[in-house]
Amino acid sequence: MTDPRAPSRPEPAPHAHHLLLYGDDEQFLAAALPFTHDGLAAGEPVFVATTRHNTALLRHRLGSWAEDVAFAPSHWYRTPAQALLAFHDRAHATPGPSRVLGETPWIGLTPDQAREWNRYESLLTLALASTGAWHLCPYDTRTLPAHVLHSAQLTHPTLTTGAVHRPNPAHITPERFSAACDSVPLPEPPVGCVEFRFDGPRQIADLRAFTARLARRAALPADRIDSLLICVDEAAANAVRHGGGTGCCRMWTTVAEVFCEISDPKGTLDTALAGYLPPDTSHLDGRGLWIIRQLSDAADMRTTHHGTTIRIRISRRR
């Protein structure tokens, strides 16, 4: 299983992605206010996607300046892949310099979710490459667990206090960080999960029917079933066209999610960057993994000596 036309790696702008560690409201404002003021004064678009508390603080202290700031809608951080695309598109659509104050929502995440948001923070450096975007990432040392603060040191190329910026010696490349995320093995599917084995393109329609039937049984909303079917189509098509031509689909449910896993025993895939950055739009193929990441709530991809596995997760809640 391969993605034949994955996007080329852009060259990152090393000072476009800054980490701000703050321990109280005044430390946050000491960096956020001049960051916002200076951008507006220079005529640069400023976008803010932070916590409700910090949004209220910033609005209050900005006063009338707040009218010129674009504040993110509440659903901005729905999934890491969608947030990465949103920031990528915003930066690439803006001519000239722009500024973003983006604070990832860490509270209440499972270890799997936190790992994907850490990966998002690392890949954001690539998403901002070749743009004039300056992204400031605040991390609240009062509330965030130690493992989140440790990962923040690895995923940001620059440290800032607001007044002073310096290169971050702990930063590691996005490729290396993302590959480390993929070194965590996936848990085995539960005993009793339902299987469908397919051999060649003629069985893809049967695979769709199998997936739709189990998704309806799990009471997935209709729009989520549609998203799941597109993801399964793309994963199975990759196995048929670019892998060994055969595969196995396994499905199971939890209280919160529907899992659908496509395994290709002969496929190979470099998963470190696969499907995270928008593909080359000049070609029709090479988009499958990116589509899967955009339409699912999460997608885990692994390649071992047993082949390639794509595990798709869809929330059972709207």
query = What dipole magnitude, in Debye to the nearest 20, does the range 118-274 give about its Cα centre under +1 on Lys/Arg Cβ and -1 on Asp/Glu Cβ?
reply = 100
ask   = With the chain treated as a Gaussian network of Cα nodes joined by springs under 10 Å, which of 290, 65, 134 yields the largest mean-square fluctuation?
value = 65
ask   = In units of 2.2 N^0.38 Å, what is the alpha-carbon radius of gyration of the range 103-176?
value = 1.09
inquiry  = Kirkwood Rh over alpha-carbon pairs of the range 233-284, then Stokes-Einstein at 20 °C and 1.002 mPa s: what D in µm² s⁻¹, rounded to an integer?
reply    = 166
task = Report, to two decimal places, the Cα Rg of the range 154-292 normalised by 2.2 N^0.38 Å (N = number of residues).
result = 1.32
ask   = Hey, in the GNM for the chain with a 10 angstrom Cα cutoff, which one of 138, 190, 97 fluctuates hardest?
value = 190
ask   = Using a ≥ b ≥ c from the Cα gyration tensor of the range 50-103 (square roots of the eigenvalues), is it rounded, prolate or oblate, where a/c under 1.5 gives rounded and otherwise the larger of a/b and b/c decides, a/b for prolate?
value = oblate
request  = Would you mind working out the magnitude of the charge dipole of the chain relative to its Cα centre, with +1 at each Lys and Arg C-beta and -1 at each Asp and Glu C-beta, to the nearest 20 Debye?
outcome  = 720
inquiry  = How big is the dipole moment of the range 86-199 about its Cα centre under a simple scheme where the beta carbon of each Lys and Arg is +1, that of each Asp and Glu is -1, and everything else is neutral? Debye, nearest 20, please.
reply    = 540
ask   = In nm, to one decimal, how far is the modelled label at residue 219 from the one at residue 59, with both set 7 Å along Cα→Cβ?
value = 3.5
note = Highest GNM mean-square fluctuation among 129, 256, 179, for the chain with Cα springs under 10 Å, belongs to 256
ask   = Given a 1.4 Å probe and every protein chain left where it sits, what share in percent of the accessible area of the range 122-164 is carbon and sulfur?
value = 64
ask   = If you wrap the chain's Cα atoms in a convex hull and average its projection over all directions, what's the area in nm²?
value = 16.8
ask   = On average, how much accessible surface per residue is there in the range 30-114, in Å², for a 1.4 Å probe, leaving out ligands, DNA and RNA?
value = 49
ask   = Tell me, what is the percent relative contact order of the range 243-313, built from C-alpha pairs under 8 Å that lie six or more residues apart?
value = 34
note = Once Lys and Arg are counted +1 and Asp and Glu -1 for all other residues with Cβ under 12 Å from that of residue 27, the total becomes -3
request  = Evaluate E = 1/(1 + (r/R0)^6) for residue 246 and residue 270, where r is the Cβ-Cβ distance and R0 equals 22 Å; express this FRET efficiency to the nearest 0.05.
outcome  = 0.55
note = A 1.4 Å probe over the protein heavy atoms gives the range 224-304 a carbon and sulfur accessible-area percentage of 54
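The values are calculated or read from the model by the stated rules, or taken from the named source; none is laboratory data. Nothing here was measured: the structure is a model prediction, and the numbers come from that model. All Cβ positions, glycine included, derive from the backbone under ideal geometry; neighbour counts span all protein chains shown. Note: accessible area is taken over every heavy atom of the protein model, side chains too, but ligands, DNA and RNA are not part of it. Shrake-Rupley method; radii C 1.70, N 1.55, O 1.52, S 1.80 Å.
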